[in-house]
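Undergrad: Sharing a structure here in structure tokens format.
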Amino acid sequence: MADKVCPTCGYQLQPFDKECPKCARIAEQGEQPQGQPTQAQSPGAQMPPQPAPPLGAPQTFVVPAEKVGFWTRFLASFIDGIIGAVGSVVIGAVLAVLGAPRTAGAISILAGIAYSVLLIGAYGQTVGMMALSIRVIRTDGTKVDYLIAFIRWIGSLLSAFVLCLGYLWIAFDPDKQAWHDKIAGTYVVRAQAQQTTAS
């Protein structure tokens, strides 16, 4: 009688063996029997294609290692401050002509809120940030939405309330976050250092 061998590992079987003891022992140990390569080991094997993310999935950014520091952010805020001051003068002049100068202060405040929340919510940038090529993103790398932009603006009041200590915190924080960044869960990063994933 010809010797029987296991077709999987080549082990010589005894006449009374109903299964290969070597393969059975390997299977109990959770190993892959020799001679039976996995799909990843097979020549020319390819990984199955990854499913595309659903439509409307949030845009994802690659967060650079170096985040934007205090002075760059200060300069961006300075530019935004100039724009806000010019806007307040224009609003005051228009309302004076219309005979409602007392409402200029309230409208200027609302315009300032809208300026920050709408631009950061839509683009992740104010005009000052655009000028310096910096952007606000969430700490998980996703795009900031309007809710996060509004929470961040509310947090900026706290940053400014205590002698602007929340803004000065940027210079000492390892992630270069102000208090309002920590409240909203955001970073300020270089815009050109980011890449977007397909959505």
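Any read-out appearing in this document is the output of simple, stated calculations on the displayed coordinates, not a laboratory observation. Quick caveat, the model's predicted, so the values are computed rather than measured. Here Cβ is always computed from backbone atoms with ideal geometry, including for glycine, and neighbour counts include all displayed protein chains.
Undergrad: Need one word for the stretch 88-135: rounded, prolate or oblate. Basis is the Cα gyration tensor (sqrt eigenvalues a ≥ b ≥ c); a/c below 1.5 gives rounded, then a/b vs b/c decides.
TA: Judged from the Cα gyration tensor, the stretch 88-135 comes out prolate (a/c at least 1.5, a/b above b/c).
Undergrad: If I model a spin label at residue 160 and residue 93 as a point 7 Å from the Cα along the Cα→Cβ vector, what separation in nanometres do I get?
TA: 2.3
Undergrad: What ranking do 112-124, 180-192 get when scored by the average of other Cβ atoms within 10 Å per residue, highest first?
TA: Going from most to least packed, we get 180-192, 112-124.
Undergrad: Next up: Taking residue 143 as the anchor, which lysines have their alpha carbon closer than 30 Å to its alpha carbon, excluding any fewer than eight residues away along the same chain?
TA: Counting by Cα, and skipping residues close in sequence, residue 143 has these lysines nearby: 67, 176, 182.
Undergrad: Still on this model: Residue by residue through the stretch 97-114, which ³J(HN,Hα) values in whole Hz follow from phi under the Karplus form 6.51 cos²θ - 1.76 cosθ + 1.60 (θ = phi - 60°), with glycine and proline marked x?
TA: Whole-Hz 3J(HN,Hα) from phi for the stretch 97-114: 5, 7, x, 10, x, 5, 8, 4, x, 5, 5, 5, 5, 5, 5, x, 4, 4.
Undergrad: Could you order the peptides 94-107, 134-147 from most to least packed, using the average number of other C-beta atoms within 10 Å per residue?
TA: 134-147, 94-107
Undergrad: Please state the shape class of the stretch 113-199: rounded when a/c is under 1.5, otherwise prolate if a/b exceeds b/c and oblate if not, all from the C-alpha gyration tensor.
TA: prolate
Undergrad: Separate question: Which lysines, on any chain, are close to residue 4 with Cα under 21 Å apart, when same-chain ones fewer than 8 places away are left out?
TA: Partners within reach: 18, 22.
Undergrad: In nm, to one decimal, how far is the modelled label at residue 25 from the one at residue 113, with both set 7 Å along Cα→Cβ?
TA: 7.6
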